[in-house]
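Each remark here refers to the structure printed beneath this line.
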Amino acid sequence: MPNGTPSLSPLRAVCVFCGSSVGSHPTYAESAHALGLELARRNIALVYGGGNVGLMGVVADAALGAGGRVLGVMPRHLVEREIAHRTLTELHVVDSMHSRKQMMADLADAFVLLPGGFGSWEEFCEVVTWSQLGLHRKPCGILDVLDYYRPLLEMMSRAVEHGFVRASHRDAIVVSRDPANLLMKLEDAPVSTETKWIARA
């Protein structure tokens, strides 16, 4: 069992997208570690890409060390490169990156983006798009460590201003700099029920 008194969170599992590097500032790893601890404390399982490197390894080790459940999903070709975490609660080995993303989405009740690169951004944007299309009704959030995602958030607002994103879809993405606060926001997040529009000229 996780250390401390577990909460009665409505979230059973949260999928975390994050970097396979730790980044250039120690605060990135510290925040990933804090999120792993908070997930375990709240008795929320961590769902992630299954790696033992970068922020992926940090958040997984923190959750495991605090007695939490950690579910990894990794394509076979990456497991064979020996970057899979070997002490997870469960490691699901799949055939492709597409299968990986689908299984992670199926296992989770919410999604969180930590600092990362192209892969992390792509995974998060895809689940946000699935929400737009009505393929799921699960909240999405960003842990904005050191204002790393300020440019992305500004781009989202610009997309609303220029008519490419609905305001309700932008507002449904919750943002915080603090892991505990972000999880609380996800529990009460306003998930948009509007589907993506298609403008026909």
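The values are calculated or read from the model by the stated rules, or taken from the named source; none is laboratory data. No experiment lies behind these values; they were computed from the predicted model shown. Neighbour counts run over all protein chains shown; Cβ positions are idealised from the backbone, glycine included.
Looking across segment 128-159, the residues that are exposed (fewer than 15 other Cβ atoms within 10 Å of the Cβ) and outside any helix (DSSP H, G or I) come down to Leu133, Gly134, Leu135, Arg137.
Provide a single number: the residues in segment 22-73 that are in a helix (DSSP H, G or I) and on the phi > 0 side of the Ramachandran plot. Total meeting the criteria: 1. Residues in segment 38-55 that are in contact (Cβ under 8 Å) with a residue 40 or more places away in the chain, among the hydrophobic types (A, V, I, L, M, F, W, C) and farther than 16 Å from Met74 by Cα: Leu39, Ile44, Ala45. Mind checking which residues of segment 160-181 are among the small types (Gly, Ala, Ser) and in a helix (DSSP H, G or I)? Matches in segment 160-181: Ala167, Ser168, Ala180. Does segment 112-127 include one or more residues that are hydrophobic (A, V, I, L, M, F, W, C), in a loop (DSSP other than H, G, I, E, B) and over 17 Å from the mean Cα position of the chain (by Cα)? Scanning segment 112-127 turns up no residue that is hydrophobic (A, V, I, L, M, F, W, C), in a loop (DSSP other than H, G, I, E, B) and over 17 Å from the mean Cα position of the chain (by Cα). Name the single residue, out of those in segment 54-86 being out of contact with any strand residue (DSSP E or B) (no Cβ under 8 Å at 6 or more places or on another chain) and at pLDDT 95 or above, that is surrounded by the most Cβ atoms within 10 Å (Cβ to Cβ). It comes out as Leu55. One residue stands out among those in segment 80-111 that are aliphatic (A, V, I, L, M) and part of a loop (DSSP other than H, G, I, E, B): the one that is farthest from Leu183 (Cα to Cα), which is Ile83.
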